[in-house]
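The structure appears right after this line, and notes come after that.
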Amino acid sequence: MPPETSIVIRTLNEAKHLEFLLKGIHSQNYKNWEIILVDSGSTDGSPEIAARYGARVFHIPSHEFTFGRSLNIGCREAKGKYLVFASGHVWPITNNWLRNIVKPFEDPAVAMVYGRQKGTDANRLSETRDLEANFGPVSNILIDEAKANNGNSAVRRDLWLTQPFDESLPGLEDVDWARKVERQNYRVYYAAEASVYHVHEESLNQ
């Protein structure tokens with residue numbers, strides 16, 4: 001039988017943090033999943049790390065990369081009815097993260113779920129404050145609010161089939177998708193209990 005949930009991870013040189021995510025997935029209480037990794041030209045062994053943890057690995061040339069295109073490649077290969085998206089530099093805070101991000105789909109009106117993100121000691125203080133401001137401690141259903149973040153999110157695969165991510169956008173493909181499904185009278189759910197650490201170590205210039 002196919003897995004209920006497909007976890008799609010986008011990477012470009014994420015070896016430093018990727019293993020935290022993969023170990024976190026394997027430690028989840030919810031086990032009905034597969035891992036799909038879409039890599040856009042890593043030179044640090046990220047695809048090999050993912051393969052060791054059982055991921056199916058696919059590649060996109062760096063010059064063809066957009067956030068939406070990379071996700072669509074992973075979604076096309078997915079077998080689950082739920083598609084969970086995680087950045088290569090996030091990892092679950094608890095072993096109930098995956099269960100908590102797919103549970104809201106018990107409501108047929110929910111098309112998309114996105115979870116909480118918290119900073120680490122490696123983040124700049126300003127980034128940590130931004131995460132706290134944008135990802136609060138209380139779950140809620142969004143009505144006519146185009147909010148989402150594919151660093152830690154999930155969508156129904158049957159809805160993705162009718163509405164793939166816009167590959168022409170340089171970013172915010174998640175917000176665009178949320179807006180489109182809300183226009184079809186679906187809802188986006190913010191799941192504070194589906195929380196991950198999200199680390200950024202880039203310089204201000206980067």
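List the residue pairs whose Cβ atoms are under 7 Å apart, where the first residue sits in the stretch 162-178 and is closer than 14 Å to residue 74 by Cβ, the second is assigned to a loop (DSSP other than H, G, I, E, B) and of a type in the set (D, E, K, R), and the two are 6 or more positions apart or on different chains.
173/166
Looking at this structure, is residue 108 modelled with pLDDT under 95 and surrounded by fewer than 17 Cβ atoms within 10 Å (Cβ to Cβ)?
No: the conditions fail for residue 108.
Looking only at the stretch 4-12, decide whether some residue is within 27 Å of residue 81 (Cβ to Cβ) and open to solvent by 30 Å² or more (accessible area, probe 1.4 Å).
Yes, the stretch 4-12 contains at least one residue that is within 27 Å of residue 81 (Cβ to Cβ) and open to solvent by 30 Å² or more (accessible area, probe 1.4 Å).
How many residues are free of Cβ contacts under 8 Å to residues at least 24 places away in the same chain, among the aliphatic types (A, V, I, L, M) and touching a helix residue (DSSP H, G or I) at 6+ places or on another chain (Cβ under 8 Å) when one looks only at the stretch 1-60?
2
Just checking, does the stretch 44-52 include any residue being within 16 Å of the chain's Cα centre (by Cα) and basic (Lys, Arg)?
no
Among the numbered criteria (1) acidic (Asp, Glu); (2) under 26 Å from residue 105 (Cβ atoms); (3) surrounded by fewer than 17 Cβ atoms within 10 Å (Cβ to Cβ), which one does residue 64 miss?
(2)
Would you tally the residues in the stretch 132-168 being open to solvent by 30 Å² or more (accessible area, probe 1.4 Å) and either modelled with pLDDT under 95 or in contact with a Pro (Cβ under 8 Å, 6 or more places away or on another chain) (or both)?
Residues meeting the conditions: 14.
Of all the residues that make up the stretch 7-24, how many are in contact with a strand residue (DSSP E or B) (Cβ under 6 Å, 6 or more places away or on another chain) and within 11 Å of residue 55 (Cβ to Cβ)?
Counting residues in the stretch 7-24 that are in contact with a strand residue (DSSP E or B) (Cβ under 6 Å, 6 or more places away or on another chain) and within 11 Å of residue 55 (Cβ to Cβ) gives 5.
Sort through 36, 9, 25 and tell me the only one that's more than 12 Å from the chain's Cα centre (by Cα) and of a type in the set (A, V, I, L, M).
Being more than 12 Å from the chain's Cα centre (by Cα) and of a type in the set (A, V, I, L, M) holds for just one of 36, 9, 25, which is 25.
The values are calculated or read from the model by the stated rules, or taken from the named source; none is laboratory data. Bear in mind that the values here come from a model prediction, so they are computed numbers and not experimental data. Glycine also receives a Cβ, built like all others from the backbone with ideal geometry; neighbour counts cover every protein chain displayed. The protein model used for the area step is the full one, side chains on, heavy atoms only, and it has no ligands, DNA or RNA in it. Shrake-Rupley method; radii C 1.70, N 1.55, O 1.52, S 1.80 Å.
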